[in-house]
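Trainee: Take a look at this one; I'll ask things after.
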Amino acid sequence: MNKNNSFRRYYPKFWGFVLSFCLFLGLFRAFYWQASLTNNTKLTKSNDSLAQIFLGKELFFDKKLSTNGKVACATCHQPDKAFADGLPLSNLGVSGKKLLRHTPTLFYLEAMPAYFWDGGAKDLPSQAVAPLRHPDEMGKDLKLLVQELQNSPHYLPLFKNAFGTDSLQTIHILQALAAYQQTIRPKKTVYDDWKMNLFNSQINKKLEVDTLLAGFKVFAVHCEPCHRLPLFTDNNFHNNGLDAEIQSTAHEQVYWGRGRITQKNTDKAKYKTPTLRNIAYSAPYMHDGRFGSLEEVLKHYTTGVQFSSTLDTLLVKNTQRGIVLSPKEQADLLRFLRAL
Ligand code: HEC
Ligand code: HEC
């Protein structure tokens, strides 16, 4: 058999194979979305007792945990602002001085591999030491706090109930705070109903399904690679092009983002992808709160992306920086984001 014949013989098979493979990929993507959208998130189940969660909630909202008695965790992590504080850089701490980074939301904490925008804290209990002691946040002496809570007729029984001991230690305070914070969930929104209806053919004729679907499709192509379903974050670190190459080493390299922690040039200016759930309630946006609205965020992704050595490759296409979106796609995407 000559070459030409075997080519003719295998040529249709080859394209048949390519076609099936593409179909398979398409189906796989569709199933992946359906699974991500409809399944409840598989988060590790917490073993914390209800008593610890209850105690942690009391502590989270208690201003006595600060040195001047005026600042609670909830002063900056406000439930009606998606557990953020509505300020670009918070000055709500005991000193009234501006912090260096924007207050993030506190959803799905148990799924995070590390805490803070740069992942500088490895676990949730130890994370809380930072705001409790920081002179511009709560400025509290932890030994004093333990004594005060030990002597409190209100708290002592709660600690005893939660940890089975009369002898209070710092770790109990930190563990209770972590137990409560792991129960924090986004407020239910249009999105929650929408995703339930999306794959239900009985009701997916409803207007809401159709109006959000267009935005979801844009999102799935351009944003979902980092803002992964179902949590709307991949819990990883990326440079989404906010700044050109970072030179400043000020404030112990705070502007290096993840690079400050790993001390690698390849991690410079990378930050943890934030979830987008309840995003309409948590303005302003980004690690330094530089964008006041979702319109500004989209303007950044479409026309504002800056080049630097660590810029994520998803945000560069054939040397063109940013994501190309038509005005209609932007309007659809905004509608979807506001429903989250
Ligand atoms: C004065 C405002 C302020 C107060 C008070 C405050 N926080 Fe924060 N919180 C912030 C800021 C700002 C960040 C981000 C800091 C960073 O990433 O460098 C943050 C980050 C966090 C994170 C990490 C979230 C993530 O996505 O990685 C957790 C958890 C947290 N705070 C819990 C607490 C707890 C618990 C308390 C009380 C003990 C508290 N915060 C008090 C402003 C505050
Ligand atoms: C390459 C990964 C990546 C892609 C693609 C991406 N993002 Fe982001 N996004 C991030 C990271 C990382 C941050 C945090 C950056 C920072 O603060 O420095 C972020 C922040 C945001 C914020 C601010 C959230 C907050 O709580 O402050 C919004 C809103 C947002 N992105 C929306 C989108 C939309 C919409 C798209 C698609 C058009 C998109 N992102 C595409 C990685 C990405």
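Where a number appears in this text, it was derived from the coordinates with a stated rule and is not lab data. Worth saying up front: this structure is predicted, and the values here are computed from it rather than measured. FYI the Cβ positions are ideal-geometry reconstructions off the backbone, even for glycines, and counts take in every protein chain you see.
Trainee: For the range 198-293, which chymotrypsin sites (Phe, Trp or Tyr not before Pro) pass both filters: DSSP loop (anything but H, G, I, E, B) and at most 16 other C-beta atoms within 10 Å?
Mentor: Those satisfying the criteria are F199.
Trainee: Let me ask something else. For each pair in K268/K317; K98/K187; K143/K268, compute the distance between the two Cα atoms and list the pairs where it is over 32 Å.
Mentor: Long pairs (Cα-Cα over 32 Å): K143/K268.
Trainee: I want to verify the translational diffusion coefficient of the range 43-181 in µm²/s; compute it with Stokes-Einstein, Rh as the Kirkwood radius over Cα pairs, at 37 °C and 0.692 mPa s.
Mentor: My calculation gives 214 µm²/s for D.
Trainee: Pairs K122/K272; K217/K328; K81/K188: which exceed 23 Å Cα-Cα?
Mentor: none
Trainee: For V316, list long-range residues whose amide hydrogen, built 1.01 Å from N in the peptide plane, is under 5 Å from its own amide hydrogen.
Mentor: G322
Trainee: Each residue of the range 268-277 in order: what ³J(HN,Hα) in whole Hz does its phi give by Karplus 6.51 cos²θ - 1.76 cosθ + 1.60, θ = phi - 60°, with x for Gly and Pro?
Mentor: Going residue by residue, I get 4, 6, 8, 9, 5, 4, x, 5, 10, 4 Hz, with x marking Gly and Pro.
Trainee: Ok, one more. Normalised by the number of residues in the range 43-181, what is the relative contact order in percent for Cα pairs under 8 Å and 6+ residues apart?
Mentor: For the range 43-181, the relative contact order is 31 percent.
Trainee: Looking at the range 298-330, which trypsin sites (Lys or Arg not before Pro) are DSSP coil and have at most 12 other C-beta atoms within 10 Å of their C-beta?
Mentor: Counting only loop positions with at most 12 other Cβ atoms within 10 Å, none of the trypsin sites (Lys or Arg not before Pro) in the range 298-330 qualifies.
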